1. So which residue, out of Arg24, Arg35, Arg113, gets the largest mean-square fluctuation from a GNM of the chain using Cα contacts under 10 Å as springs?
2. Suppose we keep just the DSSP beta bridges with both residues in the chain; what percent of those would be antiparallel, to 5?
3. For the chain, report the accessible area per residue in Å² (1.4 Å probe, heavy atoms, rounded to an integer).
4. From the helices alone, meaning DSSP H stretches of at least four residues, give me the mean residue ellipticity at 222 nm for the chain, per-run term -39500 (n - 2.57), in deg cm²/dmol to the nearest 500.
5. Can you pull the accessible area of Arg118 for me, 1.4 Å probe, Å² to the nearest 10?
6. I'm spelling it out carefully: the read-out is Kirkwood radius over Cα pairs in Å, the candidates are (1) 14.1; (2) 17.1; (3) 15.0, and one was derived from this structure. Which label?
7. Would you tell me the accessible area of Arg63, worked out with a 1.4 angstrom probe on the heavy atoms of the protein chains, in Å² to the nearest 10?
8. Which one of Pro85, Ser21, Val53 is farthest out on the positive end of the charge dipole of the chain, using unit charges on Cβ (Lys, Arg +1; Asp, Glu -1) and the Cα centre as origin?
Amino acid sequence: DLLRDLAGDVDVCYPSFDDESLDRCRLLDRCDLIRVLTYEVEAETLPRIREFVRESPRFLFRRYGGREIRDQYLLTSTEVIFVGPSPKDANGDSPTLIRVPVDVAGEMIQDVRLGFNRLWGAGNTLA
């Protein structure tokens, strides 16, 4: 539900990208420009990404080839949403989400944005 409610431009950092990640990205259909940054992509997912970008050109995908990316988050103009593993008692059903609005931690969000932009600029286009 969180992804369906996001609007505007969104930057997404997914360290490891697979078919399930792509399906989640499809939920960002109300957003304008979506930049997805990853570190590794499953081989069978790459053709699906290319097809998806042809259908939805507002999505941009890049792979960063430097030091491994470990953080998973979504970044908008008003907040950063950190995504963590599911709690042990949740049976893996839903990840832990920590939403940090810009009015609470604007400087931290600016640091996350600068880091994302640096990795994005050094990344290679996937599709």
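The values are calculated or read from the model by the stated rules, or taken from the named source; none is laboratory data. Bear in mind the structure is a predicted one, so any value in this text is a computation, not a measurement. Ideal geometry is used to build each Cβ from the backbone, glycine not excepted, and the neighbour counts take in all protein chains shown. These accessible areas exclude ligands, DNA and RNA; they are computed on the full protein's heavy atoms, side chains included. Shrake-Rupley method; radii C 1.70, N 1.55, O 1.52, S 1.80 Å.
1. Arg24
2. Numbers: 14 of 27 bridges.
Here the share of antiparallel DSSP bridges comes out near 50 percent.
3. Values: 7480 Å² over 127 residues.
In whole numbers, the chain has 59 Å² accessible per residue.
4. Values: 4 runs with 42 residues, N = 127.
Value at 222 nm, helices only, nearest 500: -10000 deg cm²/dmol.
5. Number for this one is 140 Å².
6. Answer label, from the structure shown: (3).
7. Arg63 has an accessible surface of roughly 80 Å² with all protein chains in place.
8. Positive-end residue among those listed: Val53.
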